[in-house]
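The values are calculated or read from the model by the stated rules, or taken from the named source; none is laboratory data. Values in this document were obtained by computation on a predicted structure and should not be read as measured data. All Cβ positions, glycine included, derive from the backbone under ideal geometry; neighbour counts span all protein chains shown.
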Amino acid sequence: MTRENRWLIINAAIILIVGALAVLAYHFLINIPSKPQNQLFGVKVTLTNKVELNAEPSSGEYALLIARYDAMDGNRKIGDVFYAKGTNGYTYEVDDDFGVIELYIGIDTDGKVSVQVLNARQTRDRVPAIYDFVKLRLQDVGIENIEAISTAGGNGLVAGATHSRTLVKTLVTLAVNEYKGVEPDPYEDWFGEGYQLEEKVDLTGEYLQSKQVVKNSNGDIIGSIYVVEGKSVYHSSSEGTIRMHVGLDDDGKVIGYHFEVYEHTNGFRPDVIAYLNAEVLNTNINDFEEDEGISTGATNSSRLVIRMLTELKSEVTSA
């Protein structure tokens, strides 16, 4: 073989290798989805038909689904995407008011759940453990298996970030319940599985409606649930009703609340939630102060809630 022919063969091989590398680069750089919503399904998708689910509170700790979208591959719907956000006390920076987790939660038409982290401002050295949890345990999971997923370390997942992982799982569970059309049970969140409700007792008051004693599975009293309802002007001459369920533990600590009816301005509802989270939740109802923490963004609504809670306090302290 002459030197010229040898160089022709070598050059041809180089051209083939470069061409193959170019094809691979095109495939990986162009075709692999890069946006979080694309990574949920492994293809490029467009998010359409946005539905607002909850207004985002301005402060306080919460776990909410903010919006829902249709995930479209061209003209074909391939799933649903939920934008979820939650906050807690595990901050990234010392000056942060709250730690934040934001997720895209995708559920395809076969009921498989995948999650992408949009933001994880949690305790700085625990952030990688959050991403590992999502990567190892929250990809292509059947909706029927979400509840059984453990947030603890093991099976390739390092220990740590348990509270942050629990917030992630809570957000994913909210998305699954919304997808299935299942209303979450707030009482179970307050009192745990297996709680039992005694017969409802009607109450007479301006706002107090009823009381139910709560027992655990052993029949021990562990708290009570009060329903309060009031009506007031909330904007100009508009009137609306707020009906709340308030959970107390056996010592009188407020362990939860739930709006059954909220007819005031929904855009200001997060301000009422922020007030309740900051001034009422996890405090003893006997220590409730009538004039603390009024939300300037929803003054009339907050004052109605305060009047209802004040009457509840009087009921509990006089019992």
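Residues of the range 79-122 that are acidic (D, E) and over 23 Å from A55 (Cβ atoms): E93, D95, D108, D110.
Filtered by the rule that a residue be part of a loop (DSSP other than H, G, I, E, B) and under 27 Å from Y195 (Cα atoms), the range 230-278 gives D250, D251, G252. Within the range 191-226, the only residue that satisfies the criterion of being over 26 Å from V305 (Cα atoms) and β-branched (V, I, T) is I221. Looking across the range 8-57 at every residue that is of a type in the set (S, T, Y) and loosely packed, with under 12 Cβ neighbours inside 10 Å, the one that is modelled with the highest pLDDT is identified as T48. Working carefully through the options V127, V115, find the one that is in a helix (DSSP H, G or I), in contact with a strand residue (DSSP E or B) (Cβ under 6 Å, 6 or more places away or on another chain) and hydrophobic (A, V, I, L, M, F, W, C). The unique qualifying residue is V127.
When each of R3, R68, R76 is tested for being surrounded by fewer than 10 Cβ atoms within 10 Å (Cβ to Cβ) and modelled with pLDDT of 90 or more, the lone residue that passes is R76. Number of residues in the range 37-52 that are more than 23 Å from I130 (Cβ to Cβ) and either polar (S, T, N, Q) or in contact (Cβ under 8 Å) with a residue 24 or more places away in the chain (or both) equals 7. In the range 269-282, the condition of being farther than 26 Å from F191 by Cβ and either at pLDDT 85 or above or buried (at least 18 other Cβ atoms within 10 Å of the Cβ) (or both) is met by at least one residue.
Beta carbons closer than 6 Å, at least 6 apart along the sequence or on distinct chains, never pair a first residue in the range 69-86 that is more than 18 Å from D110 (Cβ to Cβ) with a second that is surrounded by fewer than 18 Cβ atoms within 10 Å (Cβ to Cβ) and among the aromatic types (F, W, Y).
Please work out if N145 is under 29 Å from D97 (Cα atoms) and either of a type outside the set (V, I, T) or touching an Asp or Glu at 6+ places or on another chain (Cβ under 7 Å) (or both).
no
Tallying residues that are surrounded by 16 or more Cβ atoms within 10 Å (Cβ to Cβ) and acidic (D, E) within the range 160-195 yields 1. Of all the residues in the range 46-101, those that are closer than 13 Å to L174 by Cβ and either out of contact with any strand residue (DSSP E or B) (no Cβ under 7 Å at 6 or more places or on another chain) or assigned to a loop (DSSP other than H, G, I, E, B) (or both) number 3.
Among the residues of the range 196-229, those that are surrounded by fewer than 18 Cβ atoms within 10 Å (Cβ to Cβ) and part of a loop (DSSP other than H, G, I, E, B) comprise E198, E199, K200, L203, T204, G205, E206, N216, S217, N218, G219, D220.
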